[in-house]
Every structure is written in structure tokens, then in C-alpha cells.
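Q: What follows is a structure written as C-alpha cells; I'll ask about it next.
Computed from the coordinates by the stated procedures, all read-outs in this text should not be read as laboratory data. If you're wondering where the values come from, they're calculated on a predicted model, not measured in any experiment. Virtual Cβ from ideal backbone geometry, glycine too; neighbours counted across all protein chains shown.
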Amino acid sequence: MTELKRVLGFKTILFLSITSIMGTGLFFGAALGASYSGNASILAWIIISLIAIYISTFFGELVAMFPKAGGVYEFSKQAYTRFISFLMGWLAWLVGNLTTAVLIVAAINYLIPDPSQIFIKIIISIALIILLNIIVYFGIEASSFVIVVLTIISMGILMSIIFPGIFLMDLTNLTPFFALGAFPILITIFFIVESFFGWESITYLSEETKNPEKIIPKALVYGTVIVGILATLIAIVSLGIIPWRFLSNSPAPLSFVFERIYGGFGTILNYGVFIALIGSAAGGIITMPRLILALARDKLFIPQLADIHPKFKTPYKAILFQTIISLIVFGMAFGKYITLLSLLLPLGLIMYILTILTVPILRYKYPEIKRTFKVPFANIGSILVALFLASLIVIWLLQEPNAFQLLSLGLSFVAIGIPIYLLLEIYYNPDAIVKVNDALAYFTLLTEKIILPKKVRKEILMLLGDIKNKIILEFGCSVGTLTLDLAEKVKPYGKIYATDLSKKDLIITKNRMKKRGHEHVIIIHDEHQVNRVHPNVPHVDAIVSIGMMGYLQDVKKVLKEMRELLPYGGKIVFVDYADFFKVIPNVAWLSKDETIEKIFRDSGFSVYVTRKKGLFWNYVYVYGIKFQQDIPYV
């Protein structure tokens, strides 16, 4: 199996950390902070910088323990339940997509301030998203080189403001310091905390980093310190050069400051800020497919997205998928910076709270695991930081109009993940199959004409041919929909062995057979049916199975066991559901007819594969015979 390639060293990871953490707050935050707390916003920058540095140590300890591509999803998987870890992965994916959208919207507004140039803005943004994803597709080395260059440009822009700006400050602009009071500082922190969002992004590159247990924790802390210093100095210089009342009304505050320092050349900065923000967006574009890869590997996302390109060693299918999603999110978010920010911030804070709390949980659960990096005062510190971040959300809800509506909208996006999780579990997780089948047994009975229409049943019986007086194995009988037809067809001396993994399904089937007087139907419960044919099943003349192929964990093993039960020329008819709800893709081996034919042929069957369209899904028919030697057709 092709794996990701470990090529990233400390310097590259440090640059990636800086650009991933560096949010729009560094470029818009001085004005945004001034609008809420005036000059006192400087305190907000200092406070959040110190807290951010401490938070980075939590991510450092976690990635040192579990250097996997899943990042926050992997940490949650170890600390919480499978369901909560999925929601964390889903939440991290939402936050990542919103962050990228915020950065691109902010970048394009800096490049083209004119609000009437909508078409040009959209075209440039789409071209940039596609270009960055193409670079990511062709390898982590090319991607990281681009990031390093963009990070150097970003830092150069900020330095070009900070160093000359210090000597041009008018300290009288900083008085009165608490013009709007002290309490608004907390609201300011809420809106500027996004400047440090991104710790999780760098953890997604763990499987492409040399010695990630040591390199990534160090890079995260150093990167956060650098961003914190730059952000605080930018705020001080901006407020020292331009009075806060004027700065707070500026849509492009750094351009305003740059013009004061360099005169008419100030507009040049717009291009620089545009490049810097695109660099930050590129950090998310590089790392997000790695999160998708981790979810897909655990079958909590489309499994095909876990494929690694054999040449470029990148999760190329996840990259293509993420490109499409990025374009969709950008299209929905275009021109809505403040709304996007208000959606992003509470969701990001919730994600960070849950991630920080995994540290004390994992210290309790796995005290024996080696930690090359440890958080100081982790137990009390995690609680205090979590409470502080939670208080920011509460204050925002109490102070900001429409905050509850925005939070509800954000949480509704998270809630969309719940039915997706259930569908994926039903489709891919054998442990969940039994629970769901038991829970939905009577629903299946009520909807059996939709799930297995009469037309499909007729086609199955036609493919089986004359089964009068034959012994038939129905592998996965569900609630007995097809069993009733088979029971009639094998009379007067035939038998049906109906097996299933759901007890409730079999209770229904048994009652239906008893009611019809079908004593020649033998019901067998097999909780391990995804891995075998029940040992109590004797030799049979034919085998029929509906909806079981996708659940089999070892297809060839089960098929070979079936082959042992059949005579030469014995028929098999398998029907499965494909393109489930026209959204969820098939189990990988059911995606191609050639793969299905080869698996059956290798197991001793000559089969024909065909696909037919249904209302909510399509049907895959696999039918043929047991052969003694390879038969070209059936």
C-alpha cells in the first residue's frame, strides 16, 4: 500500500506553522480591535498572544503522542468515542473550510477594494484555488516551497510596517487608554482570536514530517510566539500612528498605516497583503486533504479518498474532493467576511476546547505512553483555558446582536454530520450493521416493496432458474421478503436455509414463514455473517444473497466457503445496492465490474456482472456458476 512520504524538516514545518496560524486578524485585527475597545485593544493582543502560546503546547503534547495525519480527529479518537471523534473531525473540516474561505475573501478584498468588481474577484479567486490545489496535488515538496516563499513575503510586509512605524508613533494617540472601558477587551479577544487559529493544520502533516514527535511541537510553539509578537507590534504601531477612532473605520487598516509611513506608495501594500493572505489560505489547502485521508482510512468518510498517489505520494483523491468543496464554500461565502468570521469563531473555539480537554483525559487513560513534549500544569491549565474560551463565546452571545442565530446556523452545519455518520456506519461498519438492522427491522418490513421491489425479486428468481425440490442458501434473508418467494418455488421437497445477522429480522422472518406454513425454511442466526458462512449450513444446490456483498470483511474467504457447499455448475445470484442514495459511493471493490469478476473468478466462480438503475440506489447483479476450470462466459 502506497504511503505518504516523510520529507519535511524543522525549518519547513516552522514556516508552515507560521502561515497556518497567521490569520486575517494580523491584517484586519488592529481596526477590528480598536472598534470594540479602542487603545485598550493592545491589552487584548497581549493577553490572547500569551494564551495562544500556552494552547500551542497542548497541541505539542498531543502530536508528540499521536503523530498521525488525522490531527484533532486522531486525538479525539484516542480520548473520546468513535461518534465524538467523527464529529470532531467533521467540525475541524468545517472550521478549515470556513478559515480558507475567510482568508480568500479577505485577500481578494485587499487586492480589489472596489465592491463593484464582483466578476473579476470571483474569477481570480477560483483561479487561485485551482492553482494552489494543483501544486498540492503534485507533491508536498512543491507545496512546502510555495508556503516558505509566501511566509517570507508575509513576514517581510509586517516587518516593513513595524520597524519604521515604531519611530513614527505619536504616543499621545494612545491616550486615553481605556476610552471605552475595560470590559470590551473580552469582546475584542473573541474577534481577534482567529489570528491564531490554525494549530491543528500543522498536525495533519505528521505523517510527512521527519521525527514529528520532536519537530512539530517545537515548531508550533515557536510559530505561535512569532505570530503573537508580530500581531501585538502591528497593533501597537497602528494605534500609535493613527488615532483609534480613525483606524477603527478603515476597511484596510494596514494600507492606511503603510501610506502614513511611505506616502503615495501605500497602495503597493495591497498586493503584499493579498499574497500574505493567500499564503495563509494555502496552508489550509495543503493540510485539509490529510484530515479527509485520516477519516477515510477509518471509514468515517468516503474510503476511496484515502488513496495515495503512487508517484507523487499525495492523497490525490482527497485533494480533488477538497478542491470542489473549497470552490463551493467560497461561492457561498463570497463578500460575507464578517458573517463568515462570526460563524468561524464559535465553532473554532468549541473545537479547541474539546481538543485541549483531551490532554488530561489521555494522561489518565494512557499514562504509560511516552511524551517527548509535555504541557506545564496541564490538568488545571486545560480547565482554565477551556473556561476562558467558553466565556468568550458566552460574552459574544450576550453582547452581539444575531449571535444566537449565527451560532445556531454554525451548529446546524455540525449537525449535518450526524446523518452522514449514521449512513457511513451502516454502510461500512460491521458492528453498526447489526444494531441498525435490529433497530430498523419493522421499518424494513414496512418498506420492503421499496427496498426489494417485485421486479427485482422476479429477476432474481429468473436467474436462479428451476429450483423445484432444490436446497437453497439465502445468505442474508433480512425480514424474509425474498424468502417467501423462494419457499414457494422449492416445494414440495426442497429446503431453504435462511441466515442473517439481525435477530429481530429473523424473528420477523420466522413468524412470516410459520404463518404461511413453510416448515421447510430453516432460520439460522449468524452474528459473524460478515466473515463466514454459518457452519450449520449443509451442501446446497444454489446460493442467493441480497445486500450482503458490501458488508463482507473478507470476500474471498466467504466465497470459498460458499464454493465448498455447491456442486459444480451450482448457481449463485448476488444482488447489492450501489450508489446508495446517489451520494455515498460504493465499497471500493464493488465500484468496478472487472474487479468483481476477478474476485469471484479467483474464488472459483464464473460470473456475469450487470448494473440496473433504481429510484434511490442502483442494483449490482452478480450471477454465475461454480466451475471446475476457468469458463470464458456464463
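Q: Take every Cα pair under 8 Å in the stretch 413-507 that's 6+ residues apart, average their separations, divide by the length, and report that relative contact order as a whole percent. Walk me through the numbers on the way to the answer.
A: Numbers: 90 pairs, mean separation 27.3, N = 95.
Relative contact order for the stretch 413-507 comes out at 29 percent.
Q: What is the angle, in °, between the Cα long axis of helix 430-439 and the longest principal axis of the Cα atoms in the chain? Nearest 10 is fine, range 0 to 90.
A: 70
Q: Calculate, for residue 297 and residue 557, the FRET efficiency according to 1/(1 + (r/R0)^6) with r their C-beta to C-beta distance and R0 22 Å; round to the nearest 0.05.
A: 0.50
Q: Quote the relative contact order of the stretch 430-626 in percent (integer), defining contacts as alpha-carbon pairs under 8 Å separated by 6+ residues.
A: It comes to 17 percent, rounded to a whole number.
Q: In debye, nearest 20, what is the charge dipole magnitude of the chain about its Cα centre with +1 on Lys and Arg Cβ and -1 on Asp and Glu Cβ, if you could check?
A: Details: 56 positive and 41 negative charges, 312 e Å.
Charge dipole, the chain, about its Cα centre: 1500 debye, nearest 20.
Q: Normalising by the residue count of the chain, find the relative contact order in percent from Cα pairs under 8 Å and 6+ residues apart.
A: Normalised by residue count, the contact order of the chain is 17 percent.
Q: Right, another one. Of all GluC sites (Glu not before Pro) in the stretch 526-577, which ones are in loop regions per DSSP and have a Cβ with at most 13 other Cβ atoms within 10 Å?
A: For GluC sites (Glu not before Pro) across the stretch 526-577 that sit outside H, G, I, E and B with at most 13 neighbouring Cβ atoms in 10 Å, the list reads 527.
Q: What is the P(r) of the chain, as percent of Cα-Cα pairs per 20 Å bin from 0?
A: Once binned at 20 Å, the Cα pair distances of the chain give 18, 41, 26, 13, 2, 0.
Q: Please check which bits of the stretch 178-202 a label hung off residue 245 would reach, taking the label as a point 7 Å along Cα-to-C-beta and the cut-off as backbone N under 17 Å.
A: 178-181
Q: Within a Cβ distance under 13 Å of residue 55, other residues only, what is the Lys/Arg minus Asp/Glu net charge? Could the numbers behind the result be given before it?
A: Working: positive: none; negative: 61, 200.
Computed value for this residue: -2.
Q: With point charges of +1 on the Cβ of Lys and Arg and -1 on the Cβ of Asp and Glu, referenced to the Cα centre of the stretch 10-428, which listed residue (357, 104, 180) lies farthest in the positive direction of the dipole?
A: 357
Q: OK, next. Under a Cβ-only charge scheme (Lys and Arg +1, Asp and Glu -1), can you give me the dipole magnitude of the stretch 430-626 about the Cα centre, in debye to the nearest 20? Each step should come with its number before you reach the end.
A: Values: 32 positive and 23 negative charges, 119 e Å.
That gives the stretch 430-626 a dipole magnitude of about 560 debye.
Q: Work from the charge dipole of the stretch 430-626 (Cβ charges, +1 for Lys and Arg, -1 for Asp and Glu, about the Cα centre) and give the residue of 507, 559, 534 farthest towards its positive end.
A: Value: 507.
Q: Here's a follow-up. Using the 10 angstrom Cβ neighbour count as an exposure proxy, how do 347, 220, 293 rank, fewest first? Display every interim value, and only then the final one.
A: Working: 347 21, 220 29, 293 24.
So the ranking, lowest neighbour count to highest, is 347, 293, 220.
Q: Kindly state, as a whole number, the per residue volume in cubic angstrom of the convex hull around the alpha carbon atoms of the stretch 371-456.
A: Spelled out: Cα convex hull of the stretch 371-456, divided by residues, is 213 Å³.
Q: Give the Rg (one decimal place) followed by the Dmax (whole number) of the stretch 203-299, computed from C-alpha coordinates and expressed in Å.
A: 18.7, 57
Q: Taking Cα atoms, how many degrees apart are the long axis of helix 337-356 and the longest axis of the chain, rounded to 10 and kept between 0 and 90?
A: On a 0 to 90 degree scale, this one is about 70.
Q: Here is a further query. Positive end of the charge dipole of the chain (Lys, Arg +1 and Asp, Glu -1 on Cβ, about the Cα centre): tell me which of 549, 203, 330 has its Cα farthest that way.
A: Comparing the listed Cα positions along the dipole, 549 ranks first.
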